[in-house]
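These notes concern the structure reproduced below.
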Amino acid sequence: MLCVSLTVMAFFLHTETFLPMLWGVSVVGILVLFWSLAYVLRSNRSSVAIWYTLSWGFTFAGLLAEVAFVAGLSSEPSGILNAQVGAVASALLTAIALAERLRREKSRRLAAQTQAVGALRQYRDNYNSLPIGLFALDEFGAFTGYNPAFAEMLGLPQFSSSGTRLTWSTLFGRESLDDLEISLRGTRVSDLEIFRPASEGEGNWYLVRASHKAVGIEGSFQDVTARKLAEHRFKHLADHDPLTDLLNLRGLSGEINKTIDRVEDGAQSSLAFVDLDRFKLVNDLFGHFAGDQVLIQIAQRLRNRFGAPHILGRMGGDEFVIVLNDCSPVAAKVQCEQVLGEIIEHPYHVGDKAFAVTCSIGLTEFQFGMSERDVLAACDRACAEAKSHGGSQVIVYAADDASMVEQLDEIRLISLIRQKLPVERLFTVMQPIVSLTAPYSNLNYEVLLRMRDADGSVILPGRFVAAAERNGLMADIDRWVLNTVLEWLEQHPEHRDRVNFAAINLSGASLNDERFLHDAMAMIRRYPRSAARICFEITESVALYDLKNTRRFVDRVRSFGSMVALDDFGAGYTSFNYLKELPADIVKIDGSFIRVLDTQPANYAITRAILDLSHHIGMSVVAEWVETLEVLEALMGLGIDYGQGFLLARPLSTETLVPARNSGSLVQGEASITLLNDRRPPVFQRPNVLGKSQNIIPRQR
């Protein structure tokens, strides 16, 4: 900018004025350039920068000497330092700087070239030594290169660009190339597993990881055959028994469901359940190794007998299952009888020992609408029946057999209970328990469970209670009954306060279910006044099965004011021995003694013995199944405290029971009413104050 300004001023200023300004600006400019050279040298101390700075330094020094002479600062021009000498020296120094720059750039290029060659050599070595196969394809699927690992995996010669043109389709088929291209659509990198059959053996599996390039495809290639075999082995172990290599329960489940689908399409199939008889003795006497070897031999015999399309499986232990596909029931029975003969007739050799094994077989035909659980349950039940008849036989549950009909009916009932529990199917009725000494002094009854069918008809307990017990549903049902009765009593406080006791039956499954016991205690605490009116009936056989657990339950419920009754007393074998061990309040004599009490002296004597023993240890007695006047008269003559049966009153609805003030008012027969009139006060009376200890007064004989 100074030079431009000075040029403009040259046209307007006088020479004497302009020349001093010219030399002054020149000096300032030269000094600034000297400072710039110093800055360059300080920031870059390379030899090129030094030579470059010196070249400009001589130029500026010569010019500065010329300015000094012209400006009069020097008397004569310098012969050593002037513009010409500075220019020559600058040119020489600049040439030296350029030569040094060229030398250094050449050295860098050589170093970069050497480094690139080394990297290329290293890349080539890595490419050739990698255990992973690498390949490149053109847009037509032909190989443009692959490494030695790829060649070794596939048994190919080393790649040569001048060799025969090799394509992906040649090695793996056209479909594989199509799959590879499809997998890369819309994505940059894709993984694909491909299978290449071998001329000998099963072939190999490979994992291809490929990506699109500007032209063609590049990717890596790994042999994953070992991994695939391991996966197949793990999957096989998940569905097969490790001892016999037959299908296990998980594998059988899938095959049974496939058979059910075929049956719905019209196919005929059956299921056989094979259970070895008393096989535990082999393990106990000769060890589990011998038992395992016998099981392996049995599995092999079953394989020899049943091939495709039949399915074999081991449920566990000594239980086997055979799915007989596309087989009529008659043919299935014939084959099962042949299997039974083969298993029984030929001994099993383990070392120097020979074992004779028998088995029981249950056979069931697949029916339309049956689930996997249904057909297994029916087959298991048929096998259990075969074992109950002594074993070594085949029991068939056909579609029209009474046992099969009963089993299917049970399955249907259980399905209804599971779907509709608790309120839509189940309901309760009450059967009065009448005091035989003072029928109009108290109100007692037993809560009975009923169930409605889909059409609204009533299903009696004999049909669904046993089925519920076999299927593990009784604890849920007992929980519902207890909660329903407690809530009902709580909603009718006037009726509750008139009740002496309301009996509720508990199953053995509930007494051995910790969750039920916990829930029962919670309900009792929630409704304490209603719980004080409950009498829990425990079947004698259940009570004696686990006396310690039963005693614990009895003590807990009695601490809340509830009562306990021993139901069906006398049906067991050790009743009198254990009666004193249970602090029950009531003994209910089994109805089989009461029904023919008037005609069987032995029953009369047993009933009297139970009555005397119960009264002496402070318990009241209830006689069940009171159905004739003669039995009622005999019971009253013995001094039985309470009676229950159809002669006295049939089960009543809750609406009928609510207004009743005592059990005597619910007796239905005129003859029974006449016989019950004018009786003595009851032996046992429920105290009216909640929490007050119960005083049980034995009858004075």
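Things worth noting here:
- Residues in segment 617-646 that are farther than 20 Å from residue 441 by Cβ and either acidic (Asp, Glu) or in a loop (DSSP other than H, G, I, E, B) (or both): 617, 624, 625, 627, 628, 630, 633, 646.
- Residue in segment 569-585 that is open to solvent by 50 Å² or more (accessible area, probe 1.4 Å), touching a strand residue (DSSP E or B) at 6+ places or on another chain (Cβ under 9 Å), modelled with pLDDT under 90 and not in a helix (DSSP H, G or I) present: yes
- Candidate set from segment 459-477 (those that are within 21 Å of residue 519 (Cβ to Cβ) and either among the charged types (D, E, K, R) or assigned to a loop (DSSP other than H, G, I, E, B) (or both)); member that is least open to solvent (accessible area, probe 1.4 Å): 473
- Within segment 12-28, residues that are more than 14 Å from residue 60 (Cα to Cα) and among the hydrophobic types (A, V, I, L, M, F, W, C) sit with their Cβ atoms under 9 Å from residues that are open to solvent by 50 Å² or more (accessible area, probe 1.4 Å) and part of a helix (DSSP H, G or I), at 6+ positions apart or across chains, in these pairs: 13/21; 18/9; 19/70; 21/9.
- The residue that is nearest to residue 587 (Cα to Cα), among those in segment 490-548 that are open to solvent by less than 40 Å² (accessible area, probe 1.4 Å) and basic (Lys, Arg), is 533.
Residue by residue, here is whether (1) out of contact with any Pro (no Cβ under 9 Å at 6 or more places or on another chain); (2) basic (Lys, Arg); (3) not in a helix (DSSP H, G or I) holds:
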residue: 489; (1), (2), (3): yes, no, no
residue: 502; (1), (2), (3): yes, no, yes
residue: 505; (1), (2), (3): yes, no, yes
residue: 516; (1), (2), (3): yes, no, no
residue: 520; (1), (2), (3): yes, no, no
residue: 525; (1), (2), (3): yes, yes, no
residue: 537; (1), (2), (3): yes, no, yes
residue: 553; (1), (2), (3): yes, no, no
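- Taken over segment 357-382, the criterion of being touching a strand residue (DSSP E or B) at 6+ places or on another chain (Cβ under 8 Å), of a type in the set (Gly, Ala, Ser) and not in a helix (DSSP H, G or I) is satisfied by 360, 362.
- Of everything in segment 80-102 that is under 13 Å from residue 63 (Cβ atoms) and of a type in the set (Gly, Ala, Ser), the residue that is most open to solvent (accessible area, probe 1.4 Å) is 87.
- Pairs where the first residue, in segment 343-363, is free of Cβ contacts under 8 Å to residues at least 24 places away in the same chain and among the small types (Gly, Ala, Ser) and the second is open to solvent by less than 60 Å² (accessible area, probe 1.4 Å) and part of a strand (DSSP E or B), C-beta under 9 Å, 6+ apart: 354/348; 356/348
- Evaluation of residue 231 against the conditions (1) surrounded by fewer than 16 Cβ atoms within 10 Å (Cβ to Cβ); (2) without any contact (Cβ under 8 Å) to a residue 24 or more places away in the chain; (3) touching a strand residue (DSSP E or B) at 6+ places or on another chain (Cβ under 9 Å); (4) acidic (Asp, Glu) shows that the sole unmet condition is (3).
- Some residue of segment 253-270 being under 21 Å from residue 383 (Cα atoms), among the aliphatic types (A, V, I, L, M), open to solvent by 80 Å² or more (accessible area, probe 1.4 Å) and within 30 Å of the chain's Cα centre (by Cα): no
- Within segment 94-101, one or more residues are polar (S, T, N, Q) and over 60 Å from the mean Cα position of the chain (by Cα).
- Complete set of residues in segment 133-156 that are closer than 21 Å to residue 123 by Cα and part of a loop (DSSP other than H, G, I, E, B): 147
- For segment 211-223, the set of residues classified as at pLDDT 85 or above and within 42 Å of the chain's Cα centre (by Cα) consists of 211, 219, 220, 221, 222, 223, listed by residue number.
- First in segment 266-288 and free of Cβ contacts under 8 Å to residues at least 60 places away in the same chain, second anywhere and part of a helix (DSSP H, G or I) and open to solvent by less than 30 Å² (accessible area, probe 1.4 Å), Cβ under 8 Å, 6 or more apart: 267/259; 283/290; 283/291
- Scanning segment 439-458 for residues that are surrounded by 17 or more Cβ atoms within 10 Å (Cβ to Cβ) and either of a type in the set (Val, Ile, Thr) or not in a loop (DSSP other than H, G, I, E, B) (or both) returns 443, 444, 445, 446, 447, 448, 449, 451.
- Taken as a whole, the structure places residue 245 among residues that are closer than 18 Å to residue 295 by Cα and not in a strand (DSSP E or B).
- Here residue 226 fulfils each of the conditions (1) free of Cβ contacts under 8 Å to residues at least 24 places away in the same chain; (2) surrounded by 16 or more Cβ atoms within 10 Å (Cβ to Cβ); (3) over 15 Å from residue 150 (Cα atoms) apart from (2).
- Selection from segment 418-447 of residues that are under 38 Å from the mean Cα position of the chain (by Cα), among the hydrophobic types (A, V, I, L, M, F, W, C) and modelled with pLDDT of 60 or more: 426, 427
- For segment 203-210, the criterion of a residue being surrounded by fewer than 14 Cβ atoms within 10 Å (Cβ to Cβ) and hydrophobic (A, V, I, L, M, F, W, C) is satisfied by no position.
- Applying the condition of being β-branched (Val, Ile, Thr) and part of a strand (DSSP E or B) to segment 299-347 and asking which residue is surrounded by the most Cβ atoms within 10 Å (Cβ to Cβ) yields 322.
- Matching residues in segment 386-407 - criterion: being modelled with pLDDT of 80 or more, surrounded by fewer than 16 Cβ atoms within 10 Å (Cβ to Cβ) and part of a helix (DSSP H, G or I): 388
- Among residues of segment 269-298, those that are in a helix (DSSP H, G or I) and of a type outside the set (Phe, Trp, Tyr), counted: 16
- Answer from 285, 363, 281 - the residue that is surrounded by fewer than 13 Cβ atoms within 10 Å (Cβ to Cβ) and within 17 Å of residue 387 (Cβ to Cβ): 281
The values are calculated or read from the model by the stated rules, or taken from the named source; none is laboratory data. If you're wondering where the values come from, they're calculated on a predicted model, not measured in any experiment. Note that we place each Cβ from the backbone using ideal geometry, even for glycine, and neighbour counts take in every protein chain shown. All accessible areas refer to the heavy atoms of the entire protein, side chains included, with ligands and DNA or RNA removed. Shrake-Rupley method; radii C 1.70, N 1.55, O 1.52, S 1.80 Å.
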